[in-house]
Amino acid sequence: MKRSLTVIALIVASVAGGGVWYVQSKLPTRQGQVELPTLQEPVTVRYDERGVPHIRAGNQLDMYRALGYVQAQDRLFQMEIMRRLARGELAEVLGPKLVDTDKLFRSLRIRERAASYVSELDQQSPAWQALQAYLDGINQYQATHATPVEFDLLGITPRAFTAEDTISVSGYMAYSFAAAFRTEPLLTYVRDQLGSDYLKVFDLDWQPKGVLPPTLAANDWKSLGALAQLSDSALSQAGLPQFEGSNAWVVSGRRTQSGKPLLAGDPHIRFSVPSVWYEAQLSAPDFDLYGYHQALVPFAFLGNNRAFGWSLTMFQNDDLDLIAEKTNPANPNQVWYQGQWVDMTRTEQEIAVKGQAPVTLVLRQSPHGPIINDVLGGIAGNTPIAMWWGFLETKNPILEGFYRLNRADTVSKARQAATYIHSPGLNVVWANASGNIGWWAAAQLPKRAAGVNPAFILDGSTAQADKPGFYPFSANPQEVNPPRGYIVSANFQPVSPAGIEIAGYYNLADRGQQLDRQLSAPGVKWNLKNSQALQLGTTTGYGPRVLTALLPVLRKVVSDPAELKLVEQLAQWQGDYPLESTSATLFNQLLFSLADAAMQDELGDAFFDILLTTRLVDEALPRLIANPTSPWWDNRHTLAKESRADTVLVAWQNSITQLKATLGDDPAHWQWGRAHTLTQEHPLGKQKPLDWLLNVGPFDAPGSHEVPNNLSAKLGPAPWPVSYGPSTRRLIDFADPTHTLTINPVGQSGVPFDKHYKDQAQSYIEGQYDKPYLEEADVQLNTRSTLRLMPQP
């Protein structure tokens, strides 16, 4: 027995030792010396206590090559999975369940646009050369190191990263902004199948004759609902960053305590592990920037140095139209376009599928754009739905734009950089230490025919879908040094200086109004401390605004004394979402129950679920509740005609039942933090036991949808898993720009078991900040390890 126990112990020790060796072999190297053959001069990379690299190079190409190398150490799997999603190549490593997602992204033609985009680039430009150096650094790392653990789990064979991959990822980012796939089928269904009285709740212009051909059949509506669901699930189930909204504001020196501008920003992006941003300080003799980088993009999307800085929010302009084509009864491959029948083009692609034979995908294209409902196969319906998308139709020199923005220390340089951003639309909120502040809504805005409302699916057989051209950049919303002394960007609908209408998927104004009220307060001098409180705010006027019309109805229909007490607690609620609030929990559940009781019967399961993923529901519910005669109140599944009071009572009862079942019978235990939690999910974290190994959380989460601390969950029954929120929080006072504030939602590294994989997660959820180091003395003082990259002798 002793001999057997000894053998078992040796086996266990060997396995444990092998496991430790395996994990260690995957970790980044942050200490020592490494040769990179293509370097021109030595590069020093100093890592601080958060694992952020501070790269000092003798020239800019070496600087970008080093960035690619060290970012690959921390984020190689993120780079791989993002390019596969964007290019429709996930099924090759994740299996048959991802075939539909691959079909969707192939149908968007991102791959083809990336190839044509790269062929048009000036290969002598500094931006192109910087991109090539960056990709070379990534590929050198990949070629000389052990593959990430995720590669081993999925059987991924490494292949070189290319400029086409970089452009494809920017296409994914542009697509993740576009809500047209969800909103346009939904609104068109309401208009054409339910009628004008039902459409009023969305506050859209009614077109009595409709836009779609009258032959749109039941299977077309079914396919449109399926397409909307596929569009949503392809993004939400990928476990990768999806861009949702943002806050940014800048205050001029005359309204700050220091007398210099103060810049704040927190882009709202779907949570994931690793997080979207990779922080790095890049320094060369003629360049210095502390930047926040995306996978496969060498230029910072957010950044600052001593002289200037900027943040981004999503413009949310509508640059994607869905178009119903009229087909030739004698030839289904022809569509009616500008007075004649025109052939659609047809190509085939093969999608590699892990463990199965490849799947053949047929891609068709009309003169308006790719036919996107073909991805649904046998349930695609009879009517081809084409897609016109600004990403495919504009020159979109976005890499050049961010190369320039990384160097934009004056107003004119910042504005010029913004003109290069065509798709996706972005708000650039900028300041410099000289005292200037500015904002540019950066996008190429398409002209549409007069009277056309792109919120609906357009009729391809008429001129409604034609695009006469684009507006000049001067028509874009923008401001420089406004007299009020501050600028707020929070995804609400902006105003064009040229008076043009800018269609979009804008958020409610409540969040922006909350920020504006506080920033405009007389006598307040802004500094880093009170700006933190503003950035972490959990209150807006949305809840009290909804309750103004709802409370009188609740007081009439609720009869139970204990429940009436809850109604009166709602009446005292200020619309805030701290962890301990029970009124926030009750209100959030009641919002869903009202939507469900009033709207599910008309929309059906597919379109109702899509409604809950859009901003339309935020707009619709206050109008619905305030209108006692809305047709939505009647339940189509009953013989009686329900009133607002009847439906509100059902919603209230369902809310109480759900909260008791979820959080217990005692309302004192319905705290927001118990019901509203954040788990940051790795792309492989949906599989057990990988969820336990790779996901980060759960954490009780304050804040909510459309408050400044915008930790948002999909509207639904309790509990609510948070899906997106501030992807970083940054505060920069240009009186002392070397001592700014920041935070990462999880950690700098995407390598499982690395010490920087989740070392900021607890601080983030508690609303704490860290200090990035820009000053050389601070970098030296806080260096924890040094990696030297050397040219090959």
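Indicate the gyration tensor shape class of the stretch 542-724 (rounded, prolate or oblate), computed on the Cα atoms with a ≥ b ≥ c the square roots of the eigenvalues: a/c under 1.5 is rounded; otherwise a/b larger than b/c is prolate and the rest oblate. Intermediate results must be reported in sequence, preceding the final value.
On the way: a/c = 1.92, a/b = 1.44, b/c = 1.34.
It is prolate, given that a/c is not under 1.5 and a/b is the larger ratio.
Just name one of ALA645, LEU612, GLY664: the one whose Cα is farthest towards the positive end of the charge dipole of the stretch 542-724 (beta-carbon charges, Lys/Arg +1, Asp/Glu -1).
ALA645
Would you pull out the residues with amide H under 5 Å of VAL722's amide H, same chain only if 5 or more places away, H placed 1.01 Å from N?
THR677, LEU678, THR679
Give me the percent relative contact order of the chain, please, defined on Cα pairs under 8 angstrom at least 6 residues apart.
In percent, rounded to a whole number, it is 19.
From the phi angles alone, apply the Karplus equation (6.51, -1.76, 1.60; θ = phi - 60°) to the stretch 726-742 and give each ³J(HN,Hα) in whole Hz, x where the residue is Gly or Pro.
x, 7, 6, 10, 10, 9, 9, 9, 6, 6, 8, x, 7, 10, 9, 10, 7
If you take the square roots of the eigenvalues of the alpha-carbon gyration tensor of the stretch 93-164 and sort them as a ≥ b ≥ c, do you get rounded (a/c under 1.5), prolate (a/b over b/c) or oblate?
In terms of gyration-tensor shape, oblate.
Please name whichever of PHE402, PHE592, GLY747 sits farthest to the positive end of the charge dipole of the chain, dipole taken about the Cα centre and charges placed at Cβ: Lys and Arg +1, Asp and Glu -1.
Towards the positive end, the residue furthest out is GLY747.
To the nearest 20 debye, what is the magnitude of the charge dipole of the stretch 519-658 about its Cα centre, counting +1 on the Cβ of each Lys and Arg and -1 on the Cβ of each Asp and Glu?
Details: 11 positive and 15 negative charges, 130 e Å.
Value, rounded to 20: 620 debye.
Name the residue farthest towards the positive end of the dipole of the chain from the options LEU789, VAL276, ASN627, assuming +1 on Cβ of Lys and Arg, -1 on Cβ of Asp and Glu, about the Cα centre.
Farthest towards the positive end: LEU789.
Rounded to the nearest 20 Debye, what is the dipole magnitude of the chain about its Cα centre when Lys and Arg each give +1 and Asp and Glu each give -1 at the C-beta?
820 debye
Which entries in the list LYS26/LYS354; LYS413/LYS467; LYS395/LYS686; LYS222/LYS688; LYS222/LYS714; LYS97/LYS660 go over 27 Å, if you measure between the two C-alpha atoms of each? Mind dumping the intermediate values first?
Values: LYS26/LYS354 24 Å; LYS413/LYS467 30 Å; LYS395/LYS686 38 Å; LYS222/LYS688 33 Å; LYS222/LYS714 23 Å; LYS97/LYS660 36 Å.
Exceeds cut-off: LYS413/LYS467; LYS395/LYS686; LYS222/LYS688; LYS97/LYS660.
Output the antiparallel fraction of DSSP beta bridges having both residues in the chain, as a percent to the nearest 5. Show your work: numbers first, answer last.
Values: 87 of 99 bridges.
Counting only bridges with both partners in the chain, antiparallel ones make up about 90 percent.
From the phi angles alone, apply the Karplus equation (6.51, -1.76, 1.60; θ = phi - 60°) to the stretch 531-548 and give each ³J(HN,Hα) in whole Hz, x where the residue is Gly or Pro.
Values per residue, Gly and Pro as x: 6, 4, 4, 5, 5, 9, x, 10, 10, 9, x, 4, x, x, 5, 5, 6, 4 Hz.
With θ set to phi - 60°, apply the Karplus curve 6.51 cos²θ - 1.76 cosθ + 1.60 along the stretch 601-607 and write out the HN-Hα couplings as whole Hz, x wherever there is a Gly or Pro.
5, 7, 8, x, 4, 5, 6
Using modelled amide H (1.01 Å from N, peptide plane; none on Pro or chain starts), what sits under 5 Å from the amide H of PHE470, excluding residues fewer than 5 places away?
LYS447
How would you classify the chain from its alpha-carbon gyration tensor, with a ≥ b ≥ c the square roots of the eigenvalues: rounded for a/c under 1.5, else prolate if a/b is greater than b/c, otherwise oblate? Walk me through the numbers on the way to the answer.
On the way: a/c = 1.36, a/b = 1.24, b/c = 1.09.
Verdict is rounded for the chain.
Each reported figure results from applying straightforward, stated rules to the coordinates on display, with no laboratory input. The shown structure was predicted, so the numbers you read here are calculated from the model rather than taken from an experiment. Cβ coordinates were reconstructed from backbone atoms using ideal geometry, including for glycine residues, and neighbour counts include every protein chain displayed.
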